[in-house]
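Below you'll find the structure, written out as structure tokens, and then a few comments.
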Amino acid sequence: MKKNFIILIIILIGTGLFSRLEPLFDEQRMLKTVSEDGYLMMTIARNMALGLSMSTAEGTIPTNGTQPLTTFLWAGVYWLENGDKVGSIFWITILEFLIATLAAFLLWRFGLSLLKERPNHNYISSLAAATWYASPFISNHTMNGLETGFYGLMAILAVMIVIGRTKPWTFSYSILLGAFLGLVFWTRNDASFLILAICLLHLFMGENKFWQRFWQVNIMGITSILVATPWLIYNKLNFGSIMPISGQAQALTAELGQNLSALPPILVEYFFVFLPIPNSLQKLSPVILLCVAILIGIFFILLRLWPCLRLQERRLFMLTAVYITGFSLFYGLYFGAAHFLSRYFFPLSPFLALLWAGIVVWAWQYIPWQKLKYLAAILFIAIILGLFMRNHLHRNSHQHFQVKEWVEQNIPAETWIAAVQTGTLGYFHDRTINLDGKVNPEALEARKQRQVFQYILDRKIEYLVDWVGLAEWVEKPHGKESVVLKNYFELLVKDSKQNLAVLRRKNSEL
């Protein structure tokens with residue numbers, strides 16, 4: 001069994017390595033691994049490196065619609081590359097690969113430490129880390145140009161530090177841990193749920209006296225807030241709210257509880273680690289009900305396992321449970337854009353992978369026939385490799401490159417254009433103005449006042465270029481706007497096949 005298991009782990013690690021490094025040998029494929037929001041972050045990072053501070057639209061529009069720590073890291077790459085757009089993405093891709101690889105290694109080490117008293121601890125930790133690393137949708141999240149992979153690494157480090165500590169907490173340790181958790185917040189601000197989970201874990205499951213734990217938790221929490229405060233003050237003073245404008249813009253379309261039905265498929269997807277549920281199926285009622293049933297089954301399995309768990313294992317379970325609960329309540333009840341939820345729940349994936357691997361290794365011992373075991377292993381590898389090939393074949397596609405390519409071929413670099421979605425477009429055409437308000441405080445205010453069309457006219461924008469739905473802005477009356485856009489813009493391109501629409505200001509020349 002040991003030899004076969006080693007072969008399995010090698011195959012998984014090799015798949016994870018190749019899936020992340022392969023795009024580096026094809027420039028177009030490399031560029032298309034970056035997500036729409038990844039290009040937004042890179043645009044801001046590049047402007048910082050060029051001395052234009054956090055901004056978009058050729059440095060003319062200040063923004064805080066980003067997660068700061070990774071943006072600063074990417075800015076360092078652009079500074080070293082003198083702002084080169086393609087060369088910088090190459091090195092950022094290398095960094096993402098290193099971050100994901102380090103995260104998988106630390107997950108393996110954490111599993112070994114956590115389960116060291118278990119007879120199969122090496123199998124569980126190796127299977128969890130290798131499967132997590134090879135998983136196609138995990139790989140996509142770690143290589144999307146955003147903070148996602150770095151946030152996952154920081155979450156693993158935070159949990160390792162807290163769960164793995166065997167010495168008593170001290171005053172200095174509380175301060176150091178709080179400072180590190182403040183940095184995790186800088187990586188992504190919803191790390192506040194991780195900080196809360198760690199505070200509650202130590203308060204109710206720590207080993208000191210209650211009042212000692214109470215003050216230690218307060219010191220740790222206050223320190224993390226102090227480390228986070230510069231970012232919060234920057235947001236408040238310059239943009240009127242401690243919440244970045246990206247979150248404010250998203251909240252405009254949020255409805256109470258609108259994402260609750262989206263949560264079960266995402267949680268099940270992460271629990272099975274390597275088996276993504278297609279987006280087209282996640283919204284189907286039978287799939288949602290099946291996922292709810294699976295989650296209920298997992299809950300009862302954990303209840304049965306609880307008496308058999310050691311203290312450190314229980315602490316990890318409780319921390320993960322509070323973390324999941326915080327995420328589920330916030331993103332399920334108060335947040336819009338369900339299509340982002342898989343990425344937002346990503347930092348939970350390493351810990352769910354450990355749970356999955358533990359159950360798999362336990363169940364493996366009870367499979368009665370050796371041939372059935374081989375069949376299960378072959379099917380597992382086939383699914384991983386099949387999903388990898390599917391990813392490989394789709395890497396030549398990108399939802400926004402048709403917009404970027406049309407602009408490059410038809411609009412001069414000095415012309416001001418605008419779009420609702422400006423991540424990819426704004427990265428390659430500097431003079432691009434964002435209209436959904438996620439990185440543009442002016443557009444955010446215009447959206448609140450229902451005056452986006454007036455904002456377009458005031459900014460002397462010559463072209464609007466985006467997905468084909470943009471054509472409706474001049475084809476149909478827009479009851480929420482005081483400006484009738486068709487009086488000022490004409491429809492130049494409407495291509496449903498390419499998912500592209502272009503509006504040109506009247507009297508403008510292409």
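The values are calculated or read from the model by the stated rules, or taken from the named source; none is laboratory data. Computed from a predicted model, the values in this text were never measured in an experiment. Quick reminder, even Gly has a Cβ in these numbers, built from the backbone with ideal geometry, and neighbours come from all protein chains shown.
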Quiz item: Which of the residues that make up region 122-163 are in contact with a Gly (Cβ under 7 Å, 6 or more places away or on another chain) and over 17 Å from residue 95 (Cα atoms)?
Solution: 124, 125, 128, 129, 134
Quiz item: In region 381-419, what count of residues is obtained for those that are in a helix (DSSP H, G or I), modelled with pLDDT of 90 or more and among the aromatic types (Phe, Trp, Tyr)?
Solution: 2
Exercise. Working only within region 185-227, note down all residues that are surrounded by fewer than 21 Cβ atoms within 10 Å (Cβ to Cβ), polar (S, T, N, Q) and farther than 16 Å from residue 159 by Cα.
Key: 189, 208, 212, 218, 223
Practice problem: Could you tell me whether any residue of region 403-426 is acidic (Asp, Glu), surrounded by 18 or more Cβ atoms within 10 Å (Cβ to Cβ) and either free of Cβ contacts under 8 Å to residues at least 40 places away in the same chain or under 25 Å from residue 31 (Cα atoms) (or both)? | Solution: no
Quiz prompt | Scope region 351-402; condition without any contact (Cβ under 8 Å) to a residue 40 or more places away in the chain and buried (at least 16 other Cβ atoms within 10 Å of the Cβ); matching residues | solution = 364
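Per-residue answers, yes or no, for (1) in a loop (DSSP other than H, G, I, E, B); (2) hydrophobic (A, V, I, L, M, F, W, C):
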position: 421; (1), (2): yes, no
position: 424; (1), (2): no, no
position: 433; (1), (2): no, yes
position: 436; (1), (2): yes, no
position: 442; (1), (2): no, no
position: 446; (1), (2): no, yes
position: 450; (1), (2): yes, no
position: 455; (1), (2): no, no
Exercise. Kindly list, by first and then second residue, each pair from a residue in region 231-256 that is loosely packed, with under 12 Cβ neighbours inside 10 Å to a residue that is at pLDDT below 85 and part of a helix (DSSP H, G or I), limited to pairs with Cβ atoms under 9 Å and residues at least 6 apart or on different chains.
Key: 256/333
Quiz item: Which one is surrounded by the fewest Cβ atoms within 10 Å (Cβ to Cβ) among residues in region 104-141 that are farther than 18 Å from residue 163 by Cα and of a type in the set (A, V, I, L, M)?
Solution: 130
Quiz item: Taking into account only those residues within region 445-458 that are in contact (Cβ under 8 Å) with a residue 12 or more places away in the chain and in contact with a helix residue (DSSP H, G or I) (Cβ under 8 Å, 6 or more places away or on another chain), which is farthest from residue 488 (Cα to Cα)?
Solution: 447
Quiz item: In this structure, does residue 432 turn out to be touching a residue at least 24 places away in the same chain (Cβ under 8 Å), surrounded by fewer than 21 Cβ atoms within 10 Å (Cβ to Cβ) and of a type in the set (Ser, Thr, Tyr)?
Solution: no
Quiz item: Can you name every residue in region 460-476 that is modelled with pLDDT of 90 or more and either closer than 22 Å to residue 408 by Cβ or in a loop (DSSP other than H, G, I, E, B) (or both)?
Solution: 461, 462, 463, 464, 465, 466, 467, 468, 469, 470, 471
Quiz prompt | Tally, over region 13-69, of residues that are aromatic (Phe, Trp, Tyr) and modelled with pLDDT under 95 | solution = 2
Quiz item: Of all residues in region 31-56, how many are within 14 Å of residue 81 (Cβ to Cβ) and of a type in the set (Lys, Arg)?
Solution: 1
Exercise. Report yes if residue 507 is surrounded by fewer than 17 Cβ atoms within 10 Å (Cβ to Cβ), out of contact with any Phe, Trp or Tyr (no Cβ under 8 Å at 6 or more places or on another chain) and at positive phi, otherwise no.
Key: yes
Quiz item: Do we find that residue 22 is farther than 26 Å from residue 241 by Cβ, touching a residue at least 24 places away in the same chain (Cβ under 8 Å) and surrounded by fewer than 16 Cβ atoms within 10 Å (Cβ to Cβ) in this structure?
Solution: no
Quiz prompt | Residues located in region 41-53, provided they are hydrophobic (A, V, I, L, M, F, W, C), touching a Phe, Trp or Tyr at 6+ places or on another chain (Cβ under 9 Å) and either part of a loop (DSSP other than H, G, I, E, B) or more than 18 Å from residue 234 (Cβ to Cβ) (or both) | solution = 42, 49, 50
Quiz item: So which of 44, 10 ends up being farther than 16 Å from residue 401 by Cβ and in contact with a Ser or Thr (Cβ under 6 Å, 6 or more places away or on another chain)?
Solution: 44
Quiz item: Scanning region 294-321 for residues that are farther than 20 Å from residue 274 by Cβ and crowded, with 18+ Cβ neighbours inside 10 Å, which turns out nearest to the chain's Cα centre (by Cα)?
Solution: 319
Practice problem: Any residue in region 257-275 that's in contact (Cβ under 8 Å) with a residue 12 or more places away in the chain and under 20 Å from residue 360 (Cα atoms): show its pairings with residues that are assigned to a loop (DSSP other than H, G, I, E, B) and of a type in the set (S, T, N, Q) at Cβ separation under 8 Å, as long as the two are six or more apart or on different chains. | Solution: 273/135; 274/135
Self-check item: Counted residues, region 246-272 - those being aliphatic (A, V, I, L, M) and modelled with pLDDT of 90 or more
Solution: 4
Quiz item: Considering 227, 162, 184, 217, which residue is assigned by TED's automatic domain parsing to the domain that holds residue 73 and in contact with a His (Cβ under 7 Å, 6 or more places away or on another chain)?
Solution: 217
Self-check item: Hits in region 368-380 - residues which are part of a helix (DSSP H, G or I) and not hydrophobic (A, V, I, L, M, F, W, C)
Solution: 370, 371, 373, 374
Practice problem: Can you tell me which residue among 54, 41, 48 is more than 21 Å from the chain's Cα centre (by Cα) and not β-branched (Val, Ile, Thr)? | Solution: 48
Exercise. Inspect region 486-503 for any residue being surrounded by fewer than 13 Cβ atoms within 10 Å (Cβ to Cβ) and either among the aromatic types (Phe, Trp, Tyr) or assigned to a loop (DSSP other than H, G, I, E, B) (or both) and give the result as yes or no.
Key: yes
